[in-house]
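Undergrad: Let me begin by handing over the structure; questions about it come next.
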There are 2 protein chains.
Amino acid sequence: MPSYTAPVKDLQFVLHDLLKVSESDIPGYAELEADFTSAVLEEAGKLTSEVLAPLNAVGDVEGCKLENGVVRTPAGFKAAFDQVREGGWTGLDMPEQYGGQGMPYVMGTAVGEMFSASNQAFTMYQGLTHGAASAILAHGSDAQKDMYLPKMVSCEWTGTMNLTEPHCGTDLGMMRTKAVPQDDGSYRISGQKIFISAGDHDMADNIIHLVLAKIPGGPEGIKGVSLFIVPKFLVNADGSLGARNGVSVGKIEEKMGIHGNSTCVMNYDEATGYLLGEAHKGMRAMFTMMNEARIGVGMQGMAQADVAFQNALAYAKDRLQGRDVTGVKNPDGPADPLIVHPDIRRSLMDQKSFVEGARAFMLWGALLIDRAHRNNDAAADGLISLMTPVIKGFLTDEGYDMTVKAQQVYGGHGYIEEWGMSQFTRDARIAMIYEGANGVQALDLVGRKLATDGGKHAMAFFEMVKTFIKENEGNEVLKADFLDPLKAASKDLQTAMMYFMQNGMKNPNNALSGSYDFMHLFGHVCLGLMWAQMAKAADEALQAGTEDVTFYQTKLATGRYYMARRLPATALHLARIHSGAETVMALEAANF
Amino acid sequence: MPSYTAPVKDLQFVLHDLLKVSESDIPGYAELEADFTSAVLEEAGKLTSEVLAPLNAVGDVEGCKLENGVVRTPAGFKAAFDQVREGGWTGLDMPEQYGGQGMPYVMGTAVGEMFSASNQAFTMYQGLTHGAASAILAHGSDAQKDMYLPKMVSCEWTGTMNLTEPHCGTDLGMMRTKAVPQDDGSYRISGQKIFISAGDHDMADNIIHLVLAKIPGGPEGIKGVSLFIVPKFLVNADGSLGARNGVSVGKIEEKMGIHGNSTCVMNYDEATGYLLGEAHKGMRAMFTMMNEARIGVGMQGMAQADVAFQNALAYAKDRLQGRDVTGVKNPDGPADPLIVHPDIRRSLMDQKSFVEGARAFMLWGALLIDRAHRNNDAAADGLISLMTPVIKGFLTDEGYDMTVKAQQVYGGHGYIEEWGMSQFTRDARIAMIYEGANGVQALDLVGRKLATDGGKHAMAFFEMVKTFIKENEGNEVLKADFLDPLKAASKDLQTAMMYFMQNGMKNPNNALSGSYDFMHLFGHVCLGLMWAQMAKAADEALQAGTEDVTFYQTKLATGRYYMARRLPATALHLARIHSGAETVMALEAANF
């Protein structure tokens, strides 16, 4: 049975050594002193490792069951959800006005990583609620906020996102769900939605569905889509629950993983709905949820990689098999532990250097979101908007690969469900798909985000990398091991962008054929930048005479691995991008 | 529900256009004329696509059940197995003397691909039997051959391989299963074996277990291991079945995939066993099975990739979503099919170019085995021995990745079990693990095979590549698109080998840290060579005025994709190899 240990020390390193949050000018950050964040993270660590992690396999084996129209969650989920609510974890970064704790998003992210790592399926119930509440917060009327937010912030009521229909996923313009206006200002919603995570369950008194639908007579396609609040139970003016609304569960899907989360087909049959935001501007409101959700999904990728890595590492230290070719390490045992073998090391270092780099990337992204929201900083907003598809696509692809590598360390036991490694892989697989499949993320990045505001956010990113390299060129610890590889990787990224500019005009397929590689190229440069910055922070701590020499030296060594072994992937991605659309598009569809 | 179409045309292309089997000097190849192989492949195609493929999901959902000590296979398996037996498919490449059809291994491989692709879990019952029969054929006494082979060739009795114990997988020297000699020349076998595929089931009258065990008093470690024949039911002298032997099923493992195959814990309790081959030389005999099995597992990787690709392609042509950015392709529909999108193309071309390249690689490998066995050709034997870990490791890693890509094409539906794409991924996952985890394959390649016979087999491979390039340099169709990239990739491989020679002496970890990358580097060069040779064959057919212009042009276009987009991975693998052991081994185990 796998276990989970909350990475409090490493999160503290990123928050304080790297991001220096308490010295930041972002409102609310001054309070994030090391003692305070440590206390929060330790508490979250206890809850996630002791309560949620042991339920992870339970959720996988039991799954959710639809009984007489009601979804039953796995044994123990309800009690655990009560604990999460009681601890105030559901509203950590929500406004105090609605019962939240008002902490910055960066803290929500640090804590969220632990929740996702310990039990992704469970955590989705509150994750979806958080997304739905954010959309209401951003686009709802005061009356709507007052009616729904206090209960959603506390997760007494949970939320969902309803986008997909059987015939349309990415291409939402084709949706058929209808919203017919009523005299009282409400709408009658009818249609079928699929893949609705946390669509129904037995852990909350009410479920607030956010549903995309078309008001008849509105514009064609995606421009005619509006967003509606559709509660499972109608809410009376005094906040008490009224009649059951016309929404029901068609079925629960049998999935590859995240069995503990109920993925429902939802049928809306003249359900009462309330317009959220403006009519026909539903996508704008939905994107509030979606951008947050995409970053959260990126986090799931790195979180599953972390818990899988933790268990692979423990197994590699424990399992005796074969001998170190350079000399026996465990002479009193029948064999040496797996970790002596270079190829096992390679795998573990791949995992470790990814997880720690990705953690820094996530938290830096969260800081940019705080800066955008709390300082109204347009540059930060542009940069995180540019990087959102990278966070989602790159971290989930790589995160999944890392779970596969962790599983591989277990040999045959990795394939046996009892050992738990298969679940990490199966659960991590969904993150590459939902909230926009990763190919769509790459399209968003290359087809839209790169060129936003005349490409100035990409240029700002390059400038940041360049400045960092320039400022630290005299540092011998950084120069050859970190700055030179970062410079080369960043040059590959710029060359790729130049190629798109020069050749995408002639034929957009020249850019789109390289979009996936570009997303990965960008991701590697981001992690390379993170590692260079973390190396600097580690070096500073060592220079300052830290007592924890081993931690900081390990950080440097792990970074050197990433720069030497992982970052060179940028050249391969560039080579593929340079080959353009010709070989990709050569075949007629019929000739495949 | 996915479907499977046997790739008869492409197999015929590899057998006849590429390998020109019927013109070969290998005994038995003259009979492999195009009409004959086509008839065999068409028949196998019908059986696999119409009978086995529809049972694939059944096996996944039902799995195997242990009821009162007896394993029940999924509904339909037994009847299908009868059909396979009646068709004579189980002994296709087995000697006629024992009831087989005596065809070359290359035909067994071509047919075997279809079986594995249509239903891997089902096919393993006969696959394990084939391996066990091969070991008896190679190492058994005449009496043993006469007693077991006729029934095993027909699969009236099936076979198993028993290596792993709970505490030892790769490191078999630690095994504890004991074989105590009896006065009658038999042995009493006691111990527990795990991960025994097809360990028990209800589809055959008897099961012939091949079991590794130690004879007390023999040499320590791996040199004291012997191989035994342990029938489920003892066989009387007249061939009739006698008493139940002391072997029983402890449990069936719950696995990530291949649910239709019973993976058993087998308990041997003073079971009667018969020495197969010499005492203490069990590993030699086991390797007869294992080498065959490793090549068969490589085939499983490419086969799962093929069936997954076929379904992803069909979905991409069918599913309407979004519009072609270069101009609407389906003006009468609400959207264009997925296949218009460059990133979907990229994924499909990755899959197609891998599957076709791997198919050629597999069949070329099978031809080398035939040449080694039927012509007693030591050079062919050395070459296929060198490439066996590449076939196993590279084709299963890449094959798995391709199933993940195919699943991704389905978007959300790829995660829902009902659509069947998840099963391909889950089933393909095991191939990276069993018959020696892929890290062990890389170790075998770099630590053993490369240096075998003074490295002459690797040199022969390079010589072959060089000769091919030289002989075809005047061909303008091949030069820039195929020969130049192949030359560069082959140079990367030679450079890597040189690095190992120069640095592995000082510290073997310098070589072993790069072993996994070397295995993939080698695999890419092999597929690059296959594509260059297939391009030549396609060009010749076009020059000769073939009527099937589209097929051959498509072959050329698919090859160009591989050379432009996939083969450049060799440079990345070389860069990682060049970074040596330093960053890989930098951390103390305790500091991870």
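The values are calculated or read from the model by the stated rules, or taken from the named source; none is laboratory data. Note that the structure is a prediction, hence the values are computed from the model and not measured. Cβ placement follows ideal geometry from the backbone for every residue including glycine, while neighbour counts extend to all protein chains displayed.
Yes or no, residue by residue, for (1) outside any loop (DSSP other than H, G, I, E, B); (2) more than 14 Å from chain A (Cβ to nearest Cβ):
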position	(1), (2)
B:LEU313	yes, no
B:THR326	no, no
B:ASP343	yes, no
B:SER347	yes, no
B:GLY365	yes, yes
B:ILE369	yes, yes
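Undergrad: Select, from B:PHE77, B:PHE81, B:PHE36, the only residue that is at pLDDT 95 or above and surrounded by fewer than 22 Cβ atoms within 10 Å (Cβ to Cβ).
TA: When all the criteria are applied, what remains is B:PHE36.
Undergrad: While we're looking at this one, here's another question. Among the residues of region A:412-425, which ones are surrounded by fewer than 24 Cβ atoms within 10 Å (Cβ to Cβ) and either under 20 Å from the mean Cα position of the chain (by Cα) or in a helix (DSSP H, G or I) (or both)?
TA: A:GLY412, A:HIS413, A:GLU417, A:GLU418, A:TRP419, listed by residue number.
Undergrad: Given the conditions (1) small (Gly, Ala, Ser); (2) under 25 Å from B:GLY69 (Cβ atoms); (3) more than 14 Å from chain A (Cβ to nearest Cβ); (4) assigned to a loop (DSSP other than H, G, I, E, B), report the number of the one that B:GLY199 does not fulfil.
TA: (3)
Undergrad: So, one more: Is there a residue being aliphatic (A, V, I, L, M), not in a strand (DSSP E or B) and not assigned by TED's automatic domain parsing to the domain that holds A:GLN120 anywhere in region A:264-274?
TA: No, the conditions are met nowhere in region A:264-274.
Undergrad: Now, a different point. Please go through region A:60-91 and give me each residue that is over 25 Å from A:SER3 (Cα atoms) and touching a residue at least 24 places away in the same chain (Cβ under 8 Å), ordered by number.
TA: Across region A:60-91, the qualifying residues are A:LYS65, A:LEU66, A:GLY69, A:VAL70, A:VAL71, A:ARG72, A:GLY91.
Undergrad: Taking the conditions exactly as written (in a helix (DSSP H, G or I), surrounded by fewer than 19 Cβ atoms within 10 Å (Cβ to Cβ) and more than 9 Å from chain A (Cβ to nearest Cβ)), does B:LYS506 satisfy them or not?
TA: When the stated conditions are applied, B:LYS506 does not pass them.
Undergrad: Scan (1) under 20 Å from B:GLN310 (Cα atoms); (2) surrounded by 23 or more Cβ atoms within 10 Å (Cβ to Cβ) for the single condition B:ASP336 breaks and write down its number.
TA: Just one mismatch for B:ASP336, condition (2).
Undergrad: Further question: On the basis of being at pLDDT below 95 and closer than 20 Å to A:HIS209 by Cβ, does A:MET266 make the cut?
TA: So A:MET266 fails the test.
Undergrad: Quickly run through region A:203-229 and pick out the residues that are surrounded by fewer than 16 Cβ atoms within 10 Å (Cβ to Cβ) and either touching a Ser or Thr at 6+ places or on another chain (Cβ under 6 Å) or of a type in the set (Lys, Arg) (or both).
TA: Passing the criteria: only A:LYS223.
Undergrad: Can you confirm whether B:LEU234 is of a type in the set (A, V, I, L, M), outside the structural domain of B:GLY100 (by TED's automatic domain parsing) and over 26 Å from the mean Cα position of the chain (by Cα)? Lay out the reasoning, then the answer.
TA: Working: of a type in the set (A, V, I, L, M): yes; outside the structural domain of B:GLY100 (by TED's automatic domain parsing): yes; over 26 Å from the mean Cα position of the chain (by Cα): yes.
Yes; evaluated as a whole, the condition is true for this residue.
Undergrad: Please count how many residues of region A:568-591 are more than 7 Å from chain B (Cβ to nearest Cβ) and either touching a residue at least 12 places away in the same chain (Cβ under 8 Å) or aliphatic (A, V, I, L, M) (or both).
TA: Qualifying residue count for the region: 7.
Undergrad: Residue check: is A:THR570 among the hydroxyl-bearing types (Ser, Thr, Tyr) and farther than 22 Å from A:GLY365 by Cβ? Full working, then the answer.
TA: Details: among the hydroxyl-bearing types (Ser, Thr, Tyr): yes; farther than 22 Å from A:GLY365 by Cβ: no.
No.
Undergrad: Here's another thing I want to ask about it. Would region A:446-454 turn up any residue that is in contact with a Gly (Cβ under 9 Å, 6 or more places away or on another chain), of a type outside the set (Phe, Trp, Tyr) and either buried (at least 24 other Cβ atoms within 10 Å of the Cβ) or not in a helix (DSSP H, G or I) (or both)?
TA: So far as region A:446-454 goes, yes, one or more of its residues are in contact with a Gly (Cβ under 9 Å, 6 or more places away or on another chain), of a type outside the set (Phe, Trp, Tyr) and either buried (at least 24 other Cβ atoms within 10 Å of the Cβ) or not in a helix (DSSP H, G or I) (or both).
Undergrad: Then there's this: Among the listed residues B:ALA6, B:ALA117, identify the single one that is touching a helix residue (DSSP H, G or I) at 6+ places or on another chain (Cβ under 6 Å), part of a helix (DSSP H, G or I) and of a type in the set (A, V, I, L, M).
TA: On the way: B:ALA6 fails: part of a helix (DSSP H, G or I).
From the options B:ALA6, B:ALA117, the qualifying one is B:ALA117.
Undergrad: Moving to a separate point now. Do we find that A:PHE461 is buried (at least 24 other Cβ atoms within 10 Å of the Cβ) and more than 20 Å from the chain's Cα centre (by Cα) in this structure?
TA: So A:PHE461 fails the test.
Undergrad: Another question, if that's okay. Taking region A:315-324 as the region of interest, how many residues are of a type outside the set (D, E, K, R) and facing another protein chain (nearest Cβ under 7 Å)? Can you show your working first?
TA: Of region A:315-324, the ones of a type outside the set (D, E, K, R) are A:315-316, A:320-322.
Narrowing further to those that are facing another protein chain (nearest Cβ under 7 Å): A:321-322.
So the count comes out to 2.
Undergrad: Turning to a different aspect of this structure: Could you grab me the full set of residues in region B:177-231 that are of a type in the set (Asp, Glu) and under 25 Å from the mean Cα position of the chain (by Cα)?
TA: Result: B:ASP200, single match.
Undergrad: Another question about this same structure. Here are some residues: A:ILE194, A:ILE208. Which one is modelled with pLDDT of 95 or more and more than 16 Å from A:ASN267 (Cβ to Cβ)?
TA: Unique residue meeting the criteria: A:ILE208.
Undergrad: Right, here's the next one. Can you name the residue in region B:543-592 that is aromatic (Phe, Trp, Tyr) and assigned to a helix (DSSP H, G or I) and, of all such residues, is surrounded by the fewest Cβ atoms within 10 Å (Cβ to Cβ)?
TA: Per the stated criteria, the residue is B:PHE551.
Undergrad: Just checking, does region A:36-45 include any residue being in a helix (DSSP H, G or I) and in contact with a Ser or Thr (Cβ under 6 Å, 6 or more places away or on another chain)?
TA: There is no residue in region A:36-45 that is in a helix (DSSP H, G or I) and in contact with a Ser or Thr (Cβ under 6 Å, 6 or more places away or on another chain).
Undergrad: Could you identify the single residue in A:PHE482, A:PHE518 that is within 14 Å of chain B (Cβ to nearest Cβ) and under 22 Å from A:GLY393 (Cβ atoms)?
TA: Unique residue meeting the criteria: A:PHE518.
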